[in-house]
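Have a look at the structure below before the remarks.
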Amino acid sequence: MFVTDIRKEFYDVVVNQRVALFVSPDIDALCACKVLQALFHCDQVQYTLVPVAGWQDLGTAFMEHKEQYQYFVLINCGANVDLLETLQPEEDSVFFICDTHRPVDVVNVYNDTQDALERRIERQRARREWEARRREILFDYEQYEYHGTSAALVMFELAWVMSKDTKDMLWWSVIGVTDQWVHDKIPHMKYVTDIATLQRHVSRHNHKNEDEENSLSIDCMRITFEYEYPSPYGIKFVILCQNNMLQCFMTSLRFKLWSINGQKKLQEFLADMGLPLKQVRQKFNSMDMTIKENLREVIEESANKFGMKDIRVQTFAVHFGFKNRFLASDVVHAASALLENVEKDETPTDNFIKALDCLSRSNLERLHLGIDLAKKKLKAIQQTVASCICTNLILSQGPFLYCHLLEGTPDVKLFSKPLALTLLCKYLLKAFVCSTRNKRCKILPLIMAAPLDVEKGTVIVLGIPPESETSDKKNFFGRAFEKAAESTSSRTLHDHFDTSGKSLQHSIMGRDLTHHTRQPLEGRADQAFCDVRLL
């Protein structure tokens with residue numbers, strides 16, 4: 001069932017209970033977790049935090065805690081599958097699900113009335129006809145995956161309703177919404193709408209703190225609304241430094257920096273701005289003040305000449321005291337890099353805790369470490385994109401494009417993680433659309449495979465929809481992968497909360513995917529065992 005009053009039907013229910021908190025390893029979920037943790041600490045709610053990377057982790061975590069807990073809160077996991085069938089809970093178990101994944105499984109919505117509904121339908125029409133029609137409806141409803149409102153924003157609005165919201169909570173909700181934009185989970189208009197909502201809250205908090213004595217203290221926190229460049233590290237890391245500019249995805253795409261002509265265009269662009277190379281190669285803080293003061297206007301003027309119009313987007317920045325300033329997108333990339341760090345032999349749980357800690361202003365050193373890791377990761381993505389384009393690794397497989405990163409590819413270990421592979425897939429498709437002359441290929445989706453575990457011979461496969469400015473970000477590859485795996489007898493493991501990703505023992509050939517996309521899904525028995533509530 002859907003929760004209509006999040007305060008009365010969710011928070012007031014759990015505030016005097018012991019709660020098990022299951023959190024998916026993505027940045028929006030981490031931010032939602034931080035907001036909920038702050039509320040729990042405020043009201044002294046006892047809880048246990050458990051990171052769950054996939055369905056197997058979720059099942060294991062539930063088995064370990066079902067005897068001690070009656071109430072379970074799931075963040076960015078659980079909405080798009082039948083939880084009753086997956087977890088087999090006891091009758092008194094209560095699940096609260098705050099999940100951006102769509103579509104929501106119908107059993108989670110109607111689990112309390114499903115049996116009565118079936119009995120009524122049996123009396124009205126023949127069972128066989130109803131089952132056939134039901135499969136068609138469920139397939140139409142479930143065939144596309146997409147995302148809803150940020151979980152962090154939902155949790156912040158809960159805090160706001162209870163008059164317990166703080167600037168830290170607001171900043172975490174900003175990061176959660178920005179995460180959806182960075183990883184291409186929501187359409188542009190949805191992002192603009194959510195940003196407008198957040199801007200009103202930012203204005204309210206800034207106005208509330210105008211007369212406070214500590215508003216100008218060295219420890220103060222300020223959130224500002226800004227139009228910034230959609231680069232991975234913000235203007236001070238990319239636009240101003242020639243070496244780092246090669247790592248800026250937008251610049252790389254517009255200039256086609258993987259080619260010699262693209263390198264020449266970059267030099268022309270810098271010359272048109274009138275920036276001396278000596279200044280360009282320095283860090284932002286070391287540049288002359290005269291250049292920094294008018295830099296934005298200079299960039300805008302030159303960008304228009306080179307066909308890069310409307311390159312700035314609406315976003316937020318945070319200021320901690322007088323020294324530290326971070327863009328929301330910087331924090332998203334930093335937390336993602338910590339969450340999927342492969343440089344050290346650490347457990348996923350350790351990485352989860354470090355990524356969670358970097359979101360607190362008391363752990364700025366960890367945030368700076370995450371930014372350094374993000375620079376390395378994004379540089380690896382840019383180099384891999386250039387390599388794939390130059391070596392023609394993207395193949396047209398009829399109804400879609402296909403790219404397979406082979407073992408031995410530089411930095412290939414980075415792309416065994418879903419967030420890193422998603423960014424690579426996203427920018428590789430954009431680069432291919434910019435470079436190809438084949439008009440048909442420009443409207444095709446992309447499937448990408450990368451080694452997951454070399455010893456076991458497994459690969460991770462991800463599919464994304466075609467590149468389009470008006471795309472609704474709906475992804476049909478989840479069901480297509482399932483049908484293709486069945487037809488080819490491939491040994492697969494779908495352990496990701498995003499259905500567009502799958503682990504395979506053997507690769508799925510391209511021609512099978514489209515053939516099985518439109519086939520109806522198998523029916524299943526719906527049973528009501530416990531209470532499932534969606535926030």
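The values are calculated or read from the model by the stated rules, or taken from the named source; none is laboratory data. Predicted model only: the values in this text are computed from it and were never measured. When we count neighbours, we look across all protein chains shown, and the Cβ atoms used for this are built from the backbone with ideal geometry, even at glycine. Just so you know, the surface numbers come from the protein's heavy atoms only, side chains and all, with ligands and any DNA or RNA stripped out. Shrake-Rupley method; radii C 1.70, N 1.55, O 1.52, S 1.80 Å.
Could you work out what % of the accessible surface of segment 419-502 is carbon and sulfur, using a 1.4 angstrom probe and leaving DNA, RNA and ligands out of the count? Answer for segment 419-502 is 49 percent, counting heavy atoms of protein chains only. For segment 366-408, the residues whose backbone nitrogen is under 20 Å from a point 7 Å from the Cα of S487, taken along Cα to Cβ, are 395-403. Averaging the sequence gap over all C-alpha pairs within less than 8 Å and six or more residues apart, then dividing by the number of residues, gives segment 377-443 a relative contact order of 33 percent.
The amide H of F96, built 1.01 Å from its N in the peptide plane, has F72, V73, L74, R533 as neighbours under 5 Å, considering only residues 5 or more places off or on other chains. Accessible surface for segment 369-482, divided over its residues, is 45 Å² per residue with a 1.4 Å probe. Maximal additional length on extending the F306-C390 stretch stands at 27.9 nm, based on 0.36 nm per residue less the C-alpha distance.
Binning the C-alpha pair distances of segment 416-501 at 5 Å intervals from 0 yields a P(r) profile of 3, 13, 22, 24, 19, 12, 7, 2, 0 %, listed from the shortest bin outward.
Between L446 and L401, I464, the built amide H atoms are under 5 Å apart, and every one of these is 5 or more places off in sequence or on another chain. If r is the Cβ-Cβ distance from V298 to H65 and R0 is 60 Å, what FRET efficiency results, to the nearest 0.05? After rounding to 0.05, the efficiency reads 0.55. May I ask you to list the lysines whose Cα is less than 16 Å away from that of K264, ignoring any residue fewer than eight positions away on the same chain? Candidates past the 8-residue exclusion: K256, K305. Only protein heavy atoms count here; on that basis, with a 1.4 Å probe, T193 has an accessible area of about 80 Å². Less than 5 angstrom separates the built amide H of Y146 from those of R102, N475, all sequence-distant by 5 or more or on a different chain.
Partners of K164 within straight-line reach, counting lysines whose Cα lies under 24 Å from its Cα and excluding those fewer than 8 residues away in the same chain: K8, K34, K208.
Rounded to whole numbers, the Karplus 3J(HN,Hα) couplings from phi for segment 420-426 are 5, 5, 5, 4, 4, 4, 4 Hz, using 6.51 cos²θ - 1.76 cosθ + 1.60 with θ = phi - 60°, and x at Gly and Pro. Label sites at T4 and Q17, each approximated as a point 7 angstrom past Cα along Cα to Cβ, lie 2.0 nm apart. Evaluating 6.51 cos²θ - 1.76 cosθ + 1.60 at θ = phi - 60° for every residue in segment 487-495, the Karplus couplings come out as 6, 9, 6, 6, 7, 10, 9, 9, 10 Hz, glycine and proline recorded as x.
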